[in-house]
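Accompanying notes for the structure given below.
The values are calculated or read from the model by the stated rules, or taken from the named source; none is laboratory data. Nothing here was measured: the structure is a model prediction, and the numbers come from that model. Quick reminder, even Gly has a Cβ in these numbers, built from the backbone with ideal geometry, and neighbours come from all protein chains shown. Protein only, heavy atoms only, side chains kept; ligands, DNA and RNA dropped before computing areas. Shrake-Rupley method; radii C 1.70, N 1.55, O 1.52, S 1.80 Å.
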Amino acid sequence: MTTEYERYIRTEALLTLQKTADERVCHDELAFQIVHQVEELWMKLALEELALAERLMTQDRINEARDTFSRVHVLMGLMGEQMRVLETMSPRAYFVVRAALGRGSGQESPGFNQLLACPPPLRAALKALLARHGVGLLALHRDPSLRPDLFALTEAMVDVDEGFQRFRYRHLSLVRRIIGGRTPSLKGAPAELLEHGVKQVLFPELWLVREALFRDFVPGPSLEDDEAGGAH
Ligand code: HEM
């Protein structure tokens, strides 16, 4: 008989989502499969939270939106940290698992690809929110006390952005450790190409505004406010 806990958590279904010991090509395949599954679950939750953050911003619920981004930041931290489990796998064991993977690649991760599609609506929601409150991004950064709530919101978004970059960097470190930096990958592209992804940002205007602010303090060629997301 199943317990209430088992029915609620759906442990039976959950724990049959991994290959059985007989089906596995090697001992480490269970760790490989579980880490990927857990990462997909955290990404599922992060996507729900980001969708909520967008709705909250459109409703001017600034502090709640900030808290939602803070949760996503925690999730990004876990996603990066959990890569460490696979650093305990030997390169040799990975090649055995990889042979069973066929043409499968992390590039096909539905959660990751949906996360990459998140920024445009979030950026639009932030832009509209700032416009409704009559505050420019640069003005807000020049004087956070103008609107501490809006400033804290943008900082929480920067945390998420940085967390995502860290996750990608942790993955790149794992890849280098397991297959080396110049080994051709499953899709024919060298793992070195992942370095480009690490440099990508989700919310460019929140990084550009820092450069604009820097110009306030350090003489140099002037940076138009427009480059910092229409800040004024
Ligand atoms: C032994 C561990 C791992 C190795 C050796 C590895 C290797 C690679 C390589 C070589 C690529 C480049 C594309 C390709 O050839 O498929 C890649 C992409 C990717 N992998 Fe992994 N991976 C590992 C674990 C993971 C885990 C645990 C995740 C969990 C989410 C993951 C998610 C991804 C994603 C999302 C991409 C696409 C990244 C991008 O386009 O920037 N990988 N991986």
Self-check item: The one condition in (1) open to solvent by less than 30 Å² (accessible area, probe 1.4 Å); (2) farther than 26 Å from residue 35 by Cα; (3) among the acidic types (Asp, Glu) that residue 161 fails to fulfil
Solution: (2)
Practice problem: Quick one: which helices (runs of 4 or more DSSP H) lie wholly within segment 1-102 and hold at least 3 residues that are over 20 Å from the mean Cα position of the chain (by Cα)? | Solution: 4-9, 11-14, 29-58, 91-101
Quiz item: Say we look at segment 27-45 and pick out the residues that are open to solvent by less than 30 Å² (accessible area, probe 1.4 Å) and out of contact with any Phe, Trp or Tyr (no Cβ under 9 Å at 6 or more places or on another chain); which of these is farthest from the ligand (Cβ to nearest atom)?
Solution: 29
Quiz prompt | Sole residue being more than 16 Å from the ligand (Cβ to nearest atom), of a type in the set (Phe, Trp, Tyr) and open to solvent by less than 70 Å² (accessible area, probe 1.4 Å), chosen from 167, 112, 203, 214 | solution = 203
Self-check item: Exclusive hit being loosely packed, with under 14 Cβ neighbours inside 10 Å, within 11 Å of the ligand (Cβ to nearest atom) and at pLDDT below 95, set 103, 84, 98
Solution: 103
